[in-house]
Amino acid sequence: MWDDYKARYPDYESYADDEEGHWYVPRCDPRYMADDDERDFGDIMADYYADHDPVYVPAGESAPVPEVDGVTLARAAWDAVTIPTATISYNPMYGGVGATFVGMDTWVWATGDTPKEVT
């Protein structure tokens, strides 16, 4: 098992004394596996690791370029979140017409089932 682990880190002995650099290691997480994929997660992970070795980057050098850029990840995260519409109330309020008063401080707050946090 130890030999298999060492084999994943090409030329690891060359970096043993370098305390400033970093290893970048691919990771697979079963929480993000597509529901329609019939393969076993272990097989998917093995296939991915076979094509994605850890990479050592000495201090001062740039990290490896991610396979998926940050803009795409941010867009996917934004599309995955549903932000509910807040219910707003305020005071002072002029009757039932939804108006307030010019020149007076107006207090505004969320009411009802408006969430405090969206994840």
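Cβ-Cβ under 7 Å, sequence separation 6+ or interchain: first residue in the stretch 83-101 and touching a residue at least 12 places away in the same chain (Cβ under 8 Å) and at negative phi, partner exposed (fewer than 10 other Cβ atoms within 10 Å of the Cβ) and part of a loop (DSSP other than H, G, I, E, B). Which pairs? Correct list of pairs: I83/V118; T87/G112; P92/M104. Comparison of Y48, Y32, Y15 shows that the only residue that is at pLDDT 85 or above, closer than 30 Å to D4 by Cβ and not acidic (D, E) is Y48.
Among the residues of the stretch 48-96, those that are under 30 Å from Y15 (Cβ atoms) and small (G, A, S) comprise A50, A59, G60, S62, A63, G70. For the stretch 13-41, the set of residues classified as open to solvent by 60 Å² or more (accessible area, probe 1.4 Å) and more than 29 Å from the chain's Cα centre (by Cα) consists of E13, S14, Y15, A16, D17, listed by residue number. Pairs linking a residue in the stretch 23-51 that is of a type in the set (D, E) to a residue that is at pLDDT below 80 and open to solvent by 60 Å² or more (accessible area, probe 1.4 Å), with Cβ atoms under 8 Å and 6 or more positions apart or on different chains, do not occur.
Screening A86 against (1) open to solvent by less than 60 Å² (accessible area, probe 1.4 Å); (2) modelled with pLDDT of 85 or more leaves a single unmet condition, (2).
The values are calculated or read from the model by the stated rules, or taken from the named source; none is laboratory data. Everything numeric here is computed off the predicted structure, so don't read it as measured data. Cβ: placed from backbone, ideal geometry, glycine included. Neighbour counts: every protein chain shown. Calculation scope for accessible area: heavy atoms of the full protein, side chains included, ligands and nucleic acids excluded. Shrake-Rupley method; radii C 1.70, N 1.55, O 1.52, S 1.80 Å.
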